[in-house]
Each structure stands twice: as C-alpha cells, then as structure tokens.
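Encoded as structure tokens, here's the structure I'll be asking about.
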C-alpha cells in the first residue's frame, strides 16, 4: 500500500467539491478516465470526479495532490468498469489508497455586493472582448451581447447545431420576457443534450442560466426552469452532464465560472483575464456556460421593473434553495 | 457520391478537446467530407438526421454512447473509418499511461535528471507563481512563459531568484536562447560573441535573426519579461542577466533592448553599463531620447534593424551594413491609400507603427495603446491607417497566439484586401521554434482568396511582409519568402525596412 511518509511523495485528496457524496461501503466504478481526471459513479448514480489539483474545482471534484505520482501508481489499473472501494475515510484503487477524511470542503463564495452600475460597466467590457472560435454554442455569444457574429458553420452538422442552438436561445429570451412554462419547455427541448462535449454544449448553456438565476435569487424562474430541465435531462442527456445540471441549479459550478460571476458583479479589473481563463477550459464548456450566464444577466436587466429585479444576493453560500437528493 | 458510416462506442466519454482534434485530423488525413463526434443524446441524434449523417446505429445510440459519424466519397470511406479507429486506438495508450510516463511535475523531473538547470513554466497564472517559486527554491533558473502574474508576485519571485542566485526570465517571457538551446519562440541562429538581454520577445527574435544574417552569432539571449525594466521591478532580471553575460567567457559584446525603462531603473542600468568590462549597446523601443546614454558614451540605435547593425559593427567595424534590406522591390507600383498593419509580434507592430507615423502624416490607429494613436479594439473594424497586434490579449482569449494559430489574422488579411480604401497591407511573419509551420502557404492562400473574391481587383494592393527567421529554421526564411513572392507579396529584409517602404507607398512618397 502506498504510504504517505516523510520520504515519499504520496497522493492524497485535499479538497472536496460541495456536491460530493461519499457513501461509505458504496462500491464505485470508473466510468471514464482522462489525463488529469477520473470520473467515478456508484450504483445510485452518484458522480465523483477525482482530479489533479491543477484543474479548477467543481461541484463533484475530489482534488488530488501529487496527481502524477497517482497516475504512475495506477498504470494499467484504471479502465472503464474498474472498481473503487470506500471505507468511509479512504478510496481504494486496487492496492492504492487515497485518504479523503482530512480533505477540506470547497465552498464557493457568492459575490459580496454589486451595483447595477458595476454590472453594466462589466457587460460593456465583455462586449468589447473578442471570443475564441470553438466548437460549441458559445460562438453565439456575440449575438447575446448584441453584436454581429461573423462565424460560419464548419459543416452541415455544425450548421444544424447552430440553428437549433439559436432557436433554444431565442426561446430562453422569450421565456425571460413572458414567463410561463411553454417557452422554457421549448428552450429546454432544444438545448438539453445538444452539441459536442462530455457535457453537451446546450447543457452547459442551461447550467450557466440556472447558476445565474440562483446567484441573483430569482427563485420563481429558477424553480420552473429546474423542474423542466432536470426532468428532460433524465432522458435526454448523459449521466455526467445530468449531475452537473443538477449542481448548477443549486448554485454550484466550476470555480472559474464562480470567479467570472464575482468579477462581473464587482466590475473587477481582472474580469477579462478571468474570462480568458474560463474560455480555455475544455473545448467549449466554459465558453458555453458563460454564454448562458450572460444571456440570463442581460435578460434580467431587460425585465419589467428594469434593474430593480436584481437584488443583492441574500445567501452566504450557494446550495440554499434546493437540497440535493441522491438518486 | 457521399456515403455515411458510424462508429458507436457504448458508455464512453472522451475529452472534448480530443474529439475535436480527432474530427479534424481524421478528416484531413483521410480526405473525408465530414467527421463528427458527439454523445448520442436525442438532440444530437436529431442533428445527425438534419445533416444527413444518421444511420440505424445512430438511431439506436443512447445518451451515454459516443457517436462518430464519417461522411466521405464511397471510395474513401474505409480509409476514413480506419483513420478514426487508428486515432481512437492510439489515444487510450497515452491516457492510461501504459507505456513510458512523461514526467508531469517538477519533482518527477528532478528525481530522474540531476543535470537540469532551467525550467520553462507555462501553466495558468495562478499556479505559475507557485511552480516558479518551487523551481527557484530547487536551484533552477526559470523561464516564466505564463502571464497573468501580478507585479507584486513578479517582484517577490525576482527577489527570491536573487536570494537563490538564480535568474527568473518573465513573466510573459516568450523567447530565450541559453547555451545554444532555444526556449519557446526562438530561431536557429549561429553561435557568436553577442549576448542579448531583452524585455521583448519578438524584438529579441528580430535582432538574433538579423545578426545571424549579418554573419554575427549570439552567445546567450535572455528574456526578462516586458515589465522588468519598470521601476516597480527595478530591472532585477536584467541586472542578473547582465552579471551573467559579464561573467560569460563566450560573450564579448552586450545588447540590451526593450521598452524605455523607468527613470530610476534607467539611471541604475546606465551606471552598471558605464562600469561594464564589455561594450554594451542599448535600444529602447519608441524613444529617440538618449541624452544620458550619449553623455555616458553608450551606443544606441533607433530601431531593431539599426540596433542589429550597430551590434554587428561593434563585433567587426568592417561588417557590411547593407545586407539586411536585400534588394528592394523594383518600384513602388502601388497607389496611395490606407495602410493596414497585421502583426503577430507586439514589438514588431509597435516598431512599424512608430516608423510609419511620421511618413503617413495623418492620425494612426492601433489596439496597442500607443500614445498619440487612436484606440482600436478587437471588436471594432479597422479605421484609417490601422496597426493591429493579433497577439494582444483580446485576440488570444481561449485561442493560441497568432504565431501558433494564424487563422484569425489570415481572415483579417482577406477582409482588408477586400476593402476598397486600402492600398497597402503590412505584416510580419515570425517563423522558427514554436511558430506554426506553413505560414507562408496560408498567407499566400489568403492573398489568392481575396483575389478570387474581388475578381482580381485586390491585385492593385501591395502586400509587404518581413519574415523574421533564418536559413537554419525549418522551413527556412528563404523558402517561406519564395512562397510569398510567388503569390505577389513583397518580402523585405526587416520589419523596420518593410514598415518604412509600406508607409511610403501608402503616403505616395518616394522611399529613397
């Protein structure tokens, strides 16, 4: 067994995401392995993401120090279907054990305070930015910001993706204008499970919207959107993405997206840098979620009552409105 | 006749970057019309139907299945599917680490190799400072390629480097050549007696390449990061590098270049230069005020080309001074109009803009925030005589630097060539280590595309390029230049020469 001694560098789990549920005695299996992360799932469908500390924290992260040592130790032992045991304090990968009992719980902070003037200024700065050309729906961001998008579809599939995606965004905007279930249902039907990525691009957009609604305490909107999106997600998207959608509806997303939201609320000087960092995550996930978040911010600004509808966040931490139930 | 086949991988998740690369690589290698990889969600299955890529297998796929659809001419379909399969098979070996493990941490590298002296760090800014501190504490020199490091952190790291007797190059340091080894963006240059210290990456590349073409070699070329000469940092890296060059037996002459230092730093640096046992020349970008240097008898030059000549003549007073420009194009056959500069190197852009300004006479615009210039940003179109640095943060959000990924700049090239008000395009092309290969082909392709789209009208415009590279680079400078010239592009010998020549055409003035 790999021991953590003075003389050896041993990997250990140092931080846990806020949605991590570690059921002692539950047997987990590896559902996917990437170079810096391993996704696990138990028989109840609970998702965990064991990952390198250099990756941003997320709702399901088990952030592991000395990843490269772990990777070397696990050579040939990590494959889809490999089992991982949990004794309540450690995870066991074959003969490798990773202690998690001492890990800290990561809790993203909500923006302390914000003013509409700061947010308007932040939006203006974002409008002046140029955005990367990536594969997902994030490419529609300029249109959300009232700018022309010059990007052409790469092929027929891409054209279809952008058409359906644009329809989904239009329905989202109409929903913000008119309320009612019809348009959010239409938007969710367009977007859930749509597009490329481990978490499909459309799911990331919806996650960004729900995260924004949670941040600004828009309980009524969030409640109906959550019900419809999560219901559709049961059938229409994959296991991992479903879990992330649920987390976003409770106000939990990647630490980088939390950082961008905080920077927007404070019109922080590093806003552009934070967006730059966010949009370099994965092929398009960060960018897609940013699209959803900004669409919601812009739409909330336009709602009847104007900017008054945005109230300073009242909760100290996310997770306030909806309590997670393991399936 | 196009046919479609699909590969379904049940309960499979793959990294989206990998899938994107797989699609592009499989399409390019096999000649397929389309290769698309997505999860088999209901919505994605509808997309496959809408785009004519659906098959019975796709219809049966589940949301947790990975669907790869290949559309190709019937004769190419098997090859395309085999290519996809090959790429899929190759990936897990690397991911699972079944073979040799590439070291992924500094500790692993140091455990396996005690001879390491320098580490290049290129991770996100938040982590970069920790990695840099770790490396300095382990007794290594650091080239910090990462940006997004605060001034405070830079100062702390450079102080630590000083305490440890190490050199911290950066942050945002893109070029260095140490003991003949190129780091990040650099070129294959001959070895020789000139040691360089630069607070500018492309500036350093331009000077090392021009020296190489003048037959003068480089002993060491240290980058310091663009802010090192500010008073807040006090030139800590520049002073350390200068000490090293003064001790280095292979260095007989020293050149220092960058933006003008802060007042205190400039004075301190000058004092150090005055006491130097080796001849030192300086070039501070964008200034012609060298009163203190003149008073102290320190050689200086006004642009990178003249600075390279100056260094060459220091090593050999008889060194030829007319080889850099090369033969000038026969005549300035273009007509006066607007000039548009499209650059991948920030220093090269600024140098060109400042050299062109007095020739053009009217107001210039740039996204480089140059004093006296109108402001441009990435979301605005060009205005008047415009100078764009495509390496600016605004253009590199979520995408590689234009030296690595020239596509955005090429799109803009086509756009500018179609603008009826534009008469001259000026651009740099930085080749060598770290840079994209085949840039000249892309550039020539963009020029041809503009010709086709304008019905040949864009041929009236003059496209002027300087290629920053050497004959030792692969592809070589002359090979890239030949491709450009074949497409009707005028290739000049240096950035400064190209800027002056292009501005002269745009202003309707005689270059000579």
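Taking the highest mean first, how do the peptides A:152-158, A:177-183, B:469-475 order by number of other beta carbon atoms within 10 angstrom per residue?
Averaged packing, sorted descending, gives the order B:469-475, A:152-158, A:177-183.
On alpha-carbon atoms, Rg over Rh for chain B using Kirkwood Rh?
We get a ratio of 1.02 for chain B.
Which of the peptides B:208-219, B:64-75, A:206-217 is most tightly packed, and how do the rest follow, judged by the mean count of other Cβ atoms within 10 Å per residue?
So the peptides B:208-219, B:64-75, A:206-217, ranked by packing, come out A:206-217, B:208-219, B:64-75.
What is the log10 of I(q)/I(0) for segment B:9-95, computed with the Debye formula using one identical point scatterer on each Cα and no solvent, at q = 0.19 Å⁻¹?
-0.85
Taking neighbour Cβ counts within 10 Å as the exposure measure, how do B:2, A:16, B:144 sort from fewest upward?
Listing B:2, A:16, B:144 from fewest to most nearby Cβ atoms yields B:2, A:16, B:144.
Over the protein assembly as shown, consider all pairs of different Cα atoms and compute the Kirkwood hydrodynamic radius from their mean reciprocal separation; express it in Å, one decimal.
For the protein assembly as shown, inverting the mean 1/r across all distinct Cα pairs yields 29.0 Å.
Please figure out what share of the DSSP beta bridges in segment B:106-315 is antiparallel and state it in percent, rounded to the nearest 5.
Percentage antiparallel, nearest 5: 15.
For peptide A:187-198, compute the average count of partner chain beta-carbon atoms within 10 Å of each residue's beta-carbon.
Whole-number average of other-chain Cβ neighbours for A:187-198 is 5.
Compute the long axis of helix A:116-127 from its Cα atoms, compare it with the longest principal axis of the Cα atoms of chain A, and write down the angle in degrees, 0 to 90, nearest 10.
Orientation of helix A:116-127: about 80 degrees from the principal axis.
Could you work out the mean projected area of the convex hull around the alpha carbons of chain A, in square nanometres to one decimal?
17.0 nm²
Would you tell me the mean number of C-beta atoms belonging to other protein chains that fall within 10 Å of each C-beta in B:80-89, as a whole number?
0
For residue B:441 and residue B:471, what is the calculated FRET efficiency with R₀ set at 30 Å and r taken between the beta-carbons, to the nearest 0.05?
The calculated FRET efficiency here is 0.95.
Starting with the fewest neighbours, write out A:47, B:383, B:197 ranked by other beta-carbon atoms found within 10 Å of each beta-carbon.
Exposure proxy ranking, most exposed first: B:383, A:47, B:197.
Let me ask something else about it. Of all DSSP beta bridges in the protein assembly as shown, what percent run antiparallel (nearest 5)?
Once the DSSP bridges in the protein assembly as shown are tallied, antiparallel ones form about 45 percent.
Kindly provide the helix-only [θ] at 222 nm of chain A, computed as the sum of -39,500 (n - 2.57) over DSSP H runs of four or more divided by all residues, to the nearest 500 deg cm²/dmol?
-13500 deg cm²/dmol
Counting pairs of alpha carbon atoms under 8 Å apart in space and at least six apart in sequence, what relative contact order in percent does segment A:116-309 give?
The value is 29 percent.
Determine the relative contact order of chain B: mean sequence separation of Cα pairs under 8 Å and six or more apart, normalised by residue count, in whole percent.
10 percent
Right, something else. Which value, to two decimals, describes the C-alpha radius of gyration of segment A:12-105 once divided by 2.2 N^0.38 Å?
For segment A:12-105, the normalised Cα radius of gyration comes out at 0.94.
Follow-up. Can you tell me the order of B:335-345, A:160-170 when each peptide is scored by its average per-residue count of other Cβ atoms within 10 angstrom, highest first?
For the peptides B:335-345, A:160-170, the packing ranking is B:335-345, A:160-170.
Indicate, rounded to the nearest 5 percent, the antiparallel portion of the DSSP beta bridges found entirely in chain B.
30 percent
Let me ask something additional. With label points built 7 Å along Cα→Cβ from the Cα atoms of residue A:21 and residue A:219, find their separation and express it in nm.
2.4 nm
Normalised by the number of residues in chain A, what is the relative contact order in percent for Cα pairs under 8 Å and 6+ residues apart?
20 percent
Based on Cα coordinates alone, diagonalise the gyration tensor for segment B:106-315, multiply each eigenvalue by 5, take square roots, and list the semi-axes in whole Å, largest first.
Calculated on Cα positions only, the semi-axes equal 27, 19, 15 Å.
Return the calculated 222 nm mean residue ellipticity for chain B, to the nearest 500 deg cm²/dmol, obtained by summing -39500 (n - 2.57) across DSSP H runs with n ≥ 4 and dividing by the residue count.
Computed mean residue ellipticity for chain B: -12500 deg cm²/dmol.
While we're looking at this one, here's another question. Relative to the first principal axis of the alpha-carbon coordinates of chain B, what is the inclination of helix B:263-274, with its axis defined by its Cα atoms, in degrees from 0 to 90 and to the nearest 10?
Taking the Cα atoms of chain B, the angle to B:263-274 is about 70 degrees.
Ok, one more. So if we plug the beta-carbon distance of residue A:90 and residue B:90 into 1/(1 + (r/R0)^6) with R0 = 41 Å, what FRET efficiency do we get, rounded to 0.05?
Efficiency, from the Cβ-Cβ distance: 0.75.
Can you give the angle from 0 to 90° between the axis of helix B:439-453 and the longest principal axis of chain B, with both taken from C-alpha atoms, to the nearest 10?
Compared with the principal axis, the helix lies near 70 degrees.
Here's something else I'd like to know. Once you average over the residues of B:227-240, how many Cβ atoms of partner chains fall within 10 Å of each Cβ?
The mean count of partner-chain Cβ atoms within 10 Å per residue comes to 0.
Read the figures in this text as sums done on the coordinates, not as results from a lab. Since the structure is predicted, the reported quantities are computational estimates derived from the model, not experimental observations. When we count neighbours, we look across all protein chains shown, and the Cβ atoms used for this are built from the backbone with ideal geometry, even at glycine.
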